[in-house]
Amino acid sequence: MEQYEPDRLNPVQRAAVRRSLRNGRASLTRRSLLRASAGGALTVGGLGALSACGIPAAGKTEGGTSAEDHSAKEKTVHFSNWTEYMDVDDSGKHHPTLDAFTERTGISVKYTEDINDNNEFFGKIKPQLAAGQDTGRDLMVLTDWLAARLIRLGWVQKLDPSNLPHAYANLSSQFRTPDWDPGRAYSYPWQGIATVIAFNRKALDGIEVRSVSDLLDNPKLKGRVGFLTEMRDSMGMTLLDMGKDPGRFTDDDYDAAVARLQKGVDKGQIRRFTGNDYTSDLTKGDLAACLAWAGDVVQLKADSPDVDFIIPDSGYMTSSDNLVIPSKARHKTNAERLIDYYYEPQAAAELAAYINYVCPVDGVKDELAKIDEDAASNPLILPDKAMQAKSHAFRSLSQKEETTYEEKFAKLTGA
């Protein structure tokens with residue numbers, strides 16, 4: 001492995017190097033686990049298991065409640081997150097933004113990186129939530145589809161806007177109105193995840209790639225194209241390319257998009273469907289172009305000058321990881337204060353500089369520029385209004401749709 005000199009790198013690059021040295025680019029592994037889980041047991045086989053276990057089917061819309069909020073007397077908050085999803089100092093032992101929150105508020109944060117997979121974590125907390133018990137957690141970060149399910153089950157608490165002045169004012173417009181939580185009554189985004197087209201300039205050798213159609217139809221790219229194993233990303237980008245809105249498509253639209261990708265599989269245009277392991281193939285040039293997650297691309301560009309990205313004219317997909325407060329949490333107000341803290345521009349900027357994903361907080365640019373000018377001007381971290389306008393979210397699915405769509409996509413990918 002190439003040896004880097006951290007003092008010659010900007011803060012974003014130093015953060016990526018620290019992650020690589022500790023865990024082999026662990027943030028990319030986290031993304032692979034996170035995205036792969038969306039097509040797993042919960043969305044296909046696990047839906048039936050919910051009813052089989054006597055857990056009510058999704059459909060309840062009222063948030064859970066806490067028997068008593070102990071925030072005033074117990075100055076603590078228990079925060080569960082994914083690995084490598086928080087800023088870390090050079091020692092690797094402290095989280096500067098969490099330390100600053102505690103110093104300011106007197107609220108200590110018990111921070112635990114105990115989420116490795118959405119389905120696995122859901123299985124861990126499901127018995128307590130279903131029984132109306134405290135999970136021991138006040139704040140959790142869940143991917144949008146799972147956050148939506150817990151909201152519908154009534155297993156997360158409705159937020160108190162009076163404790164969230166910065167969050168309410170600074171939430172980016174592209175994340176304000178998901179169909180699964182209109183107005184963000186129960187959740188706020190931790191980070192956004194943009195799906196774009198990444199390419200290796202050297203491997204393309206002058207071939208122009210501007211759209212998903214270019215990936216699927218240009219014979220010069222045969223066998224050198226990658227799509228993602230995450231259904232919502234690959235299908236969403238394909239629907240957009242076909243002129244369909246991923247937020248409003250029909251069964252026939254979905255089937256047409258499946259057929260479009262199936263043609264690419266049958267003629268050998270698509271090399272394979274990947275998790276984040278596309279990163280190795282892309283940097284080596286085995287993949288000339290592929291669908292990719294923006295957070296990965298930011299890091300790859302720092303290490304591989306031939307790697308770059310484009311946003312198709314048809315648009316791109318955005319999903320989110322979200323902060324929610326589970327039912328019966330003991331420290332709801334403290335958790336809301338922590339959510340609000342990360343919507344202050346300075347804290348949001350420090351987090352964005354380390355994580356490299358889409359920052360959901362408006363007004364961060366100047367603060368981020370103080371840390372790293374390149375990061376502040378990177379549209380994959382801070383999308384401008386024109387890029388935000390091209391952002392699309394995959395619509396919420398019914399239980400029947402989720403099972404049917406995932407099964408069709410699994411057959412397409414050979415899963």
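Please get the size of the charge dipole for segment 100-197, origin at its Cα centre, with Cβ charges of +1 on Lys and Arg and -1 on Asp and Glu, quoted in debye to the nearest 20. Each step should come with its number before you reach the end.
On the way: 10 positive and 11 negative charges, 43 e Å.
Value, rounded to 20: 200 debye.
Keeping the other protein chains in place, figure out the carbon and sulfur percent of the accessible area of segment 179-265, with a 1.4 Å probe.
Working: 1530 of 3310 Å².
Here carbon and sulfur together make up 46 percent of the probe-accessible area.
What net charge is computed for the residues neighbouring ASP214, neighbours being all others with C-beta under 14 Å from the C-beta of ASP214, Lys and Arg scored +1, Asp and Glu -1?
Details: positive: ARG210, LYS220, LYS222, ARG224, ARG260; negative: GLU208, ASP217, ASP241, ASP313.
Local charge sum for ASP214: +1.
All other residues with a Cβ under 13 Å from the Cβ of THR112 taken together, and with Lys, Arg as +1 and Asp, Glu as -1, what is their net charge? Before the final figure, lay out the partial values.
Details: positive: LYS110, LYS124, ARG137; negative: GLU113, ASP114, ASP138.
In short, 0.
How big is segment 342-390 by Rg and Dmax over its Cα atoms, in Å?
Cα-based Rg and Dmax for segment 342-390 come out at 9.6, 28 Å.
Please report the net charge: other residues with Cβ closer than 11 Å to the Cβ of ASN378, K and R +1, D and E -1.
With Lys, Arg at +1 and Asp, Glu at -1, the net is -2.
The values are calculated or read from the model by the stated rules, or taken from the named source; none is laboratory data. Predicted model, so just to flag it, every value in this text is computed and none were measured. Glycine gets a Cβ as well: all are built from the backbone with ideal geometry, and neighbour counts include every protein chain shown. Surface accessibility is based on the protein's heavy atoms, side chains included, excluding ligands, DNA and RNA. Shrake-Rupley method; radii C 1.70, N 1.55, O 1.52, S 1.80 Å.
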